[in-house]
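Following: one structure in structure tokens, then a few remarks.
The values are calculated or read from the model by the stated rules, or taken from the named source; none is laboratory data. Model, not experiment: these values are computed from the prediction. Here the Cβ positions follow ideal geometry from the backbone for every residue, glycine too, while neighbour counts run over all protein chains shown.
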Amino acid sequence: MGVNLWGVIHGCHVFAPRLRSQGRGHILNVASAAGLLSPPGMAPYNVTKAAVVALSETLGAELKHTGVGVTVLCPTFFRTNIGKSARGGDAKQAAFIERMMSKAKIQADDVARLALEAAAANQLYALPHADGRWMWRLKRWAPDQFVSVTAKIASRLTR
């Protein structure tokens, strides 16, 4: 909560009024595709990232006509230390995360570039990975099928 959510809240609390008073600028918040997709077995993480998405959506609407833009970055997997530093996971989940990070075609430099491009284009959502975009579409278009797919993936992790 402290880093994932409160860090973002404090940053927005400090910078949104300053940017608004100068009539220009952009806020780029870092969430995760987990904030949009709520994968099983990750409830605490999902909740913090979903809150960052909701905060960004709210600020985007509140600042819409002020000259200040808002973008929320929602990547899926790329090489980081998150698997090693995560609390509460099990060995299968950690192995899955490591495998997904190593397979990712889009890595940190690309994620950063795509996030900045989305901010420059004043896009609210930045989803740099195709798997995240497709799963988010599935969730919005066919929510019951989305739940079935994520449950199936989760069951593979617990076998």
(message) When the residues of the range 1-29 are narrowed to those that are more than 22 Å from THR66 (Cβ to Cβ) and of a type in the set (A, V, I, L, M), which ends up modelled with the highest pLDDT?
(response) LEU5
(message) I need a count of the residues in the range 1-41 that are closer than 20 Å to ALA112 by Cβ, out of contact with any His (no Cβ under 9 Å at 6 or more places or on another chain) and assigned to a loop (DSSP other than H, G, I, E, B).
(response) 2
(request) Look at SER56 and say whether it is crowded, with 20+ Cβ neighbours inside 10 Å, among the small types (Gly, Ala, Ser) and at pLDDT 95 or above. (result) yes
(message) If a residue must be of a type in the set (D, E, K, R) and surrounded by fewer than 12 Cβ atoms within 10 Å (Cβ to Cβ), how many such residues does the range 117-151 contain?
(response) 2
(message) I'm told LYS103 meets every condition in (1) modelled with pLDDT under 70; (2) over 25 Å from MET1 (Cβ atoms); (3) of a type in the set (Lys, Arg) except one. Can you identify the failing condition by its number?
(response) (1)
(message) Looking only at the range 59-92, filter to residues that are modelled with pLDDT of 65 or more and in a helix (DSSP H, G or I); which one of those is surrounded by the fewest Cβ atoms within 10 Å (Cβ to Cβ)?
(response) ALA91
